[in-house]
Amino acid sequence: MEIKEYVQLEKDKIRESVEKMAEVPVLSIITVGHNPASESYVRGKKKDAAEVGITAIQTVFEEDVTEEEVLELIRKQNANPSITGILVQLPVPKHIREEKINETISPAKDVDGFVLGSHYVCCTPKGIVDYLGDNGFDFNGKNAVVLGRSDIVGKPMARLLLERNCNVTVLHSRTKDEDRRMFIKNADLIVAAIGKQGYIDESYEFKPTAWLVDVGINKGEDGKLHGDAVPNLPIEKQTPVPGGVGLLTRLALLKNLMEAKK
């Protein structure tokens, strides 16, 4: 099933569940400054929430807000039982430390899944494994390659695949080119999350039955968004960019919020 169709069906299920709730979930979105990309992401999250009947409230701080002011709002919302989940849209200005934000958000309300000990899985890896599992990918014993070792995609992605009994290899900037090509050649599943436009191209060999999940979102010289892989590789399935993993990530946020409410 194509991602857009899958996401819409899953949203319909969430909306039906919300309609049966005595109190709808409330998502708090905190933003600092006016980063155009962040504002676009937030609009998407608020649109998703409205579609399924979830309440999304947004607090916008100016760039010069102090770190303590942001943390104090988080503490108040941690203690507010009417707030189901809290997310701080990244990036934030350099004078506000992301680690302090993550230390302050309650693990029970961390619907992004970034906080140490969070009750929820990081949204991008969760969205990917849910989609793969619901669309017939058999994880058991498969060779999975994850390109990238970030804390919000690469590392949690590898962990989720291990939990589903994949043989997992994490490749990164220090991996030798010949090794990278060997692992990709033998991969049943490739998750590309390195932020380099068209890095995976036709020069690689692939299993014809391989699936490739493209997490990369790179703005090209043509002004359009491109993935970490070139389109139409000779494999069984490849997620598109745009209209791919971003939608799965936003869906996973809704699922985490529903879990937090229940």
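Note that the range 70-222 presents 48 Å² accessible area per residue, ligands and nucleic acids not counted, probe 1.4 Å. In the frame of its principal axes, the range 190-252 has Cα extents of 30, 29, 17 Å, reported largest first. Here the range 129-236 is treated with +1 on each Lys and Arg Cβ and -1 on each Asp and Glu Cβ, and its dipole about the Cα centre works out to around 380 debye. For the range 1-110, the Stokes-Einstein estimate of translational diffusion at 4 °C and a viscosity of 1.567 mPa s comes to 86 µm²/s, using the Kirkwood hydrodynamic radius over alpha-carbon pairs. For Gln238, the residues whose amide H sits under 5 Å from its own are Leu212, ignoring neighbours fewer than 5 places away on the same chain, with H placed 1.01 Å from N. The charge dipole of the range 1-156, taken about its Cα centre with unit charges on the Cβ of Lys, Arg, Asp and Glu (plus for the first two, minus for the last two), comes to roughly 240 debye.
Cα centroids of the range 202-251 and the range 1-40: how far apart, whole angstrom? Computed from Cα coordinates, the inter-centre distance equals 23 Å.
In the frame of its principal axes, the range 58-106 has Cα extents of 30, 20, 17 Å, reported largest first. Run the numbers on the chain and let me know its relative contact order in percent, using alpha-carbon pairs under 8 Å that are six or more apart. In percent, rounded to a whole number, it is 18. With q set to 0.08, 0.09, 0.11 Å⁻¹, the log10 of I(q)/I(0) for the chain, from the Debye formula over equal scatterers at the Cα positions, is -0.34, -0.43, -0.64.
Across the accessible surface of the chain, with the other protein chains kept in place and a 1.4 Å probe, carbon and sulfur atoms take up 50 percent.
Here the gap between His34 and Lys176, fully extended at 0.36 nm per residue and compared with their Cα-Cα distance, gives a gain of 47.1 nm.
Note: the range 110-181, Cα convex hull, 90 Å³ per residue.
Per residue, the average separation of C-alpha pairs within less than 8 Å and at least 6 apart gives the range 47-115 a relative contact order of 31 percent.
The values are calculated or read from the model by the stated rules, or taken from the named source; none is laboratory data. All of these numbers come straight from a predicted model, not from anything done at the bench. In this analysis, Cβ positions are derived from the backbone assuming ideal geometry, glycine residues included, and neighbour counts consider all displayed protein chains. We work out accessible area using only protein heavy atoms, side chains counted, and drop any ligands, DNA or RNA first. Shrake-Rupley method; radii C 1.70, N 1.55, O 1.52, S 1.80 Å.
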